[in-house]
Amino acid sequence: MSKAKSILSQYDKPLIAMAVGAISGIFKALITIIGKKFGLLSLDLIQISAAMLTKNLIHGFGAYFLGWTVACMIGAIIGLGFYYSLILLGRDYLMLKAIGAGLFFGLSILPAQV
């Protein structure tokens, strides 16, 4: 029984990393929405994410649904990339590697969002 449990947990780790990344995408979007409400930003992450697929700004329920979906998917991809980078680079200095991976993946997606 313990052998089967250890095999399942091995395959669940990438899924958990993707779920944590998707949740972080939600928080990123909420921070940009708050920034837009206070007048610090002209666009929020949801509008930018929806515009990534449609090439222009769209409004309405469909645009926000698409934006939230894309924001969560980008977060999941970043979480999965960070999980596999930890496998390749090891778990020493985890905080520095998390900052580096966040900057790398965030800056690699940034040109697509501008």
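Of the trypsin sites (Lys or Arg not before Pro) found in the range 14-105, those that fall in a DSSP loop while having at most 15 other beta-carbon atoms within 10 Å are 55, 91. With a cut-off of 11 Å between beta carbons, the residues surrounding residue 71 carry a summed charge of 0, where Lys and Arg count +1 and Asp and Glu -1. Annotation for residue 59 and residue 91: the two label points, set 7 Å from Cα along the Cα-Cβ direction, are 5.0 nm apart.
The chymotrypsin sites (Phe, Trp or Tyr not before Pro) of the range 20-61 that DSSP puts in a loop, and whose beta carbon has at most 16 other beta carbons within 10 Å, are 38. A quarter of the convex hull surface defined by the alpha-carbon atoms of the range 12-113 gives 7.1 nm² as the mean projection. The value of relative contact order for the range 12-113, using C-alpha pairs under 8 Å at least six residues apart, is 35 percent. By other beta-carbon atoms within 10 Å, ranking 74, 31 with the fewest at the front produces 31, 74.
Computed from the coordinates by the stated procedures, all read-outs in this text should not be read as laboratory data. All values reported here derive from a predicted model rather than from experimental measurement. Here Cβ is always computed from backbone atoms with ideal geometry, including for glycine, and neighbour counts include all displayed protein chains.
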